[in-house]
Every structure is written in C-alpha cells, then in structure tokens.
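Taking it in order: structure first as structure tokens, then the write-up.
The values are calculated or read from the model by the stated rules, or taken from the named source; none is laboratory data. These figures come from a predicted structure and were not determined experimentally. Neighbour counts are summed over all protein chains in view; Cβ atoms, including those assigned to glycine, are modelled from backbone coordinates with ideal geometry.
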Amino acid sequence: MMPTMSLKVTRPPSSAADHRPPELVKPLFRGNGDTDYLCGNCGSVMAAGLGPTQRVIVDAAVCSACGAENEFPAHLRA
C-alpha cells in the first residue's frame, strides 16, 4: 500500500456543495512516485503517486468529492 498524507483543510465544504463518493472522483494530480495526498475532510485522493522531487502548481485546491479547500504543503509547491 502507498504511503498517504492528509492535506490541511483551509476552508470546509459549504453545505450546498455537490458531494460525490470519493471512489468516483479522479485525483487532480498524478505522479510517478509512491505517496498519495488525501483531502483532509473526506479522505479522497487529491494527488496520486507523487514522488519526492515532484511538485504541484497550486498552493491549494478544492476537493472534487466534498468541496473542501485543501492546502498543499510548502515542499510540494512548485
């Protein structure tokens, strides 16, 4: 099993958000490493298989499953 890290929620989902089951949501980013980064609210995979030298191009992203805004750790940001 891949190592996982939960992201920090910076804004909880609104009650009006369109919620989708996490298993139906595709990750926003894919890498060729072994660490998955999960939504800190619902546990959906937001970035799959990132390696130690891979970066994301955003500071934060909204989870496609629950609508919570999550912040990526500084070491992952491009």
- Can you name the residue in segment 25-70 that is surrounded by fewer than 17 Cβ atoms within 10 Å (Cβ to Cβ) and in contact (Cβ under 8 Å) with a residue 24 or more places away in the chain and, of all such residues, is farthest from MET2 (Cα to Cα)? ALA60
- Query: Where in the chain are the strands (runs of 3 or more DSSP E), entirely inside, with at least 1 residues that are in contact with a Leu (Cβ under 7 Å, 6 or more places away or on another chain)?
  - Reply: 4-6, 35-38, 45-50, 60-62, 69-71
- Inter-residue pairs, beta-carbon under 6 Å, first closer than 14 Å to VAL62 by Cβ and surrounded by 13 or more Cβ atoms within 10 Å (Cβ to Cβ) and in segment 1-16, second charged (D, E, K, R) and at pLDDT below 85, 6+ apart: none
- Query: modelled with pLDDT under 95, on the phi < 0 side of the Ramachandran plot and touching a strand residue (DSSP E or B) at 6+ places or on another chain (Cβ under 9 Å), is that true of ALA61?
  - Reply: no
